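First up is the structure itself, then whatever we jot down about it.
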């Protein structure tokens, strides 16, 4: 596997100098450094977003990028995209609510087409399609 395309998540351990907890995670993602954590009331140090916020962030970013690329390709007057996401877990599993704001002088047909295109972003397709996670000990 190409190391430049790997995500590595590693516990930071308790580090008083950084204020980390046993739940704080350092993330190296495609050459970028991030931190994930849980809120203080869940036992973390609140130094970064919790895992579900990162999942929603990926979906939101992918949605906005996909809409931007499509609108630019069509030369539509899309000025700005804002995606707001929430999730809840119920008896039937995970439910993600995605609210998409489109700024610009778009007509109703363009807005409806962009809403349909949102469902074609790669992260949306991954979350709604069959997913296999293969785990092994290193």
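Being more than 11 Å from the chain's Cα centre (by Cα) and assigned to a helix (DSSP H, G or I) is the filter; apply it to the range 25-63 and report the residue that is surrounded by the fewest Cβ atoms within 10 Å (Cβ to Cβ). Once the filter is applied, the top-ranked residue is 41. Just wondering, is there one or more residues in the range 61-80 that are outside the structural domain of residue 121 (by TED's automatic domain parsing) and in contact with a helix residue (DSSP H, G or I) (Cβ under 8 Å, 6 or more places away or on another chain)? Checking the range 61-80: not a single residue is outside the structural domain of residue 121 (by TED's automatic domain parsing) and in contact with a helix residue (DSSP H, G or I) (Cβ under 8 Å, 6 or more places away or on another chain). Return yes when residue 102 is part of a strand (DSSP E or B) and either within 13 Å of residue 117 (Cα to Cα) or in contact with a helix residue (DSSP H, G or I) (Cβ under 8 Å, 6 or more places away or on another chain) (or both) and no when it is not. In short, yes. Of everything listed in (1) modelled with pLDDT under 95; (2) in a loop (DSSP other than H, G, I, E, B); (3) under 22 Å from the mean Cα position of the chain (by Cα); (4) under 28 Å from residue 128 (Cα atoms), the single unmet condition for residue 1 is (3).
Here 68, 86, 80 are screened, and the one residue that is surrounded by fewer than 17 Cβ atoms within 10 Å (Cβ to Cβ), on the phi < 0 side of the Ramachandran plot, more than 15 Å from the chain's Cα centre (by Cα) and not in a helix (DSSP H, G or I) is 80.
Under the condition of being surrounded by 12 or more Cβ atoms within 10 Å (Cβ to Cβ), at pLDDT 90 or above and part of a loop (DSSP other than H, G, I, E, B), the residues counted in the range 4-18 number 1.
The values are calculated or read from the model by the stated rules, or taken from the named source; none is laboratory data. Just so you know, these numbers come straight off a predicted model, no measurement behind them. Counting neighbours? That spans all protein chains shown, and the Cβs are built from the backbone with ideal geometry, glycine included.
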